[in-house]
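Q: Sharing a structure with you now.
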Amino acid sequence: MTSSAPPIPHDSPARVGQRLSQHTDPDRRRARTGVALSLAAYVIWGLVPIYFKSVAHVAPLEVVSHRIIWSVPLLLGLIWLRKGMRVAVASLGCRRTVLTLVGTTLLIGANWYLFIWAVAHGRLLQASLGYYINPLVTVLLGFVFLKERLRRPQIVSVGIAALGVAYLTFGHGEFPWLAMVLAVSFGLYGLMRKTARVDAVVGLTVETTLLAPFALGYLAYLIVHGEAALTSGTTPTTLLLLTAGVVTTVPLLCFNAAARRLRLATLGFLQYITPTGHFLLALAYGESMTTGHAITFGCIWTALALYSADAVRAHRRLGRAGRIA
């Protein structure tokens, strides 16, 4: 005769602990997966200048064209696998959405071109500065266009960043135009994509598809005139250009998968991996770091530290409020 253990009361500590364990373990695995995916995305983006440096002998516009053309079939295939083709087509039925995506297409195309140009012309340090500034520009754009209120630490952060840019401009006569254009164009891109309310992958697919005819036309012109690196260059160059779509889409897919698993505060901290990678590569490539650059970067890093600390505090307050509710 065997004896059975007495049933655990419904509200006993053992039952509560069992339920917590069941919920916590999947959440932890989900978070670990999200961190791994986000690290993959940000590290790839941080190291992508190595790829663009290897094709620096190719005109930036031709590199952008390959990036567009080879991304389209990969993105369309992804949407088809996700059974999102109907959503993609439906998004084109709204005139406002289409006009917004046309605007984001121009912005992301310009951003891609400028970044590739910066790498090819030894301006990676400025590009790094631009992507460090971007989160602060995004806050400012939200205040101007979306009427979002700025907390005091955010105001101080934007002010410190502005002082850093002003010091470089007036103290050393070097306005960081490339950094500012990269930061503002990507900030406006994010603002417009937020108002479009389109899935990230669907939106990028529409954007690259809209750019594809122009990219194809430009490459056809180069091929006809015997100036295309794809057909007249070396085999390594051809292979590198053919992988431009993979370089574009893989980190994006990792990022989107991570965004579904992680809190925005976590993603916000990890995003600084990318410009840090650009910064370190710029130094490795021998770009000069002047005193003016050092002070400007110091101001930006201080501003980002204040901004990030405030974001964490705000996120924790919202979390406590949610638990109380």
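Quick note: the coordinates plus some simple rules give every number you see, no bench work behind them. Keep in mind that this is a model prediction, so the values were computed, not measured. Don't worry about glycine lacking a Cβ; one is built from the backbone with ideal geometry, like all the others, and counts go over all protein chains shown.
Q: So what's the angle, to the nearest 10 degrees on a 0 to 90 scale, between helix 244-259 and the longest Cα principal axis of the chain?
A: 20
Q: Using Cα-Cα distances under 8 Å and only pairs 6 or more residues apart, what relative contact order does the chain have, in percent?
A: 37
Q: Expressed as an acute angle from 0 to 90° and rounded to the nearest 10, what is the orientation of the C-alpha long axis of helix 152-166 relative to the principal long axis of the chain?
A: 20
Q: If you don't mind, another one. Mean-square fluctuation check for the chain, GNM, Cα pairs under 10 Å: which of Val206, Val144, Val165 is largest?
A: Sorting by GNM fluctuation, first place goes to Val144.
Q: Can you tell me which of 242-252, 92-102, 268-278 comes out highest on packing, and rank the rest after it, using the mean Cβ neighbours within 10 Å?
A: Top to bottom by mean Cβ count within 10 Å: 268-278, 242-252, 92-102.
Q: Ratio of alpha-carbon Rg to the 2.2 N^0.38 Å globular estimate for the chain, to two decimals, please.
A: 1.18
Q: Right, next: Convert each backbone phi in the range 106-113 into a coupling constant with the Karplus relation 6.51 cos²θ - 1.76 cosθ + 1.60 (shift: θ = phi - 60°), then list the ³J(HN,Hα) values in order as whole Hz, x for Gly and Pro.
A: So the Karplus estimates, Gly and Pro as x, are 5, 5, 6, x, 5, 5, 4, 4 Hz.
Q: I'd like the per residue volume of the convex hull spanned by the Cα atoms of the range 45-202, given in cubic angstrom.
A: Roughly 136 Å³ of hull volume per residue.
Q: Compute from the Cα atoms of the range 81-162 the Rg and the Dmax, the latter being the longest Cα-Cα distance, and quote both in angstrom.
A: Gyration radius and largest Cα-Cα distance of the range 81-162: 17.5, 46 Å.
Q: If you average 1/r over all unlike Cα pairs in the range 139-271 and invert the result, what Kirkwood radius do you get in angstrom?
A: Evaluated on the range 139-271, it is 18.9 Å.
Q: Further question on the same structure: For the chain, modelled as a Gaussian network with Cα springs under 10 Å, which listed residue fluctuates most, Thr290, Thr209, Thr138?
A: Looking only at Thr290, Thr209, Thr138, the largest GNM fluctuation is found for Thr290.
Q: Can I ask one more? What's the longest piece of the chain with no exposed GluC sites (Glu not before Pro), counting a site as exposed if DSSP puts it in a loop and it has at most 13 other beta carbons within 10 Å?
A: 1-147
Q: When the Karplus curve 6.51 cos²θ - 1.76 cosθ + 1.60 is applied with θ = phi - 60°, which whole-Hz ³J(HN,Hα) does each residue of the range 283-298 get, with x for Gly and Pro?
A: 5, 5, 7, x, 5, 6, 10, 7, 4, x, 5, 4, 5, 5, 4, x
Q: Run the helix sum for the chain: -39,500 (n - 2.57) per DSSP H stretch of 4+ residues, divided by residue count, reported at 222 nm to the nearest 500 deg cm²/dmol.
A: For the chain, the value works out to -27000 deg cm²/dmol.
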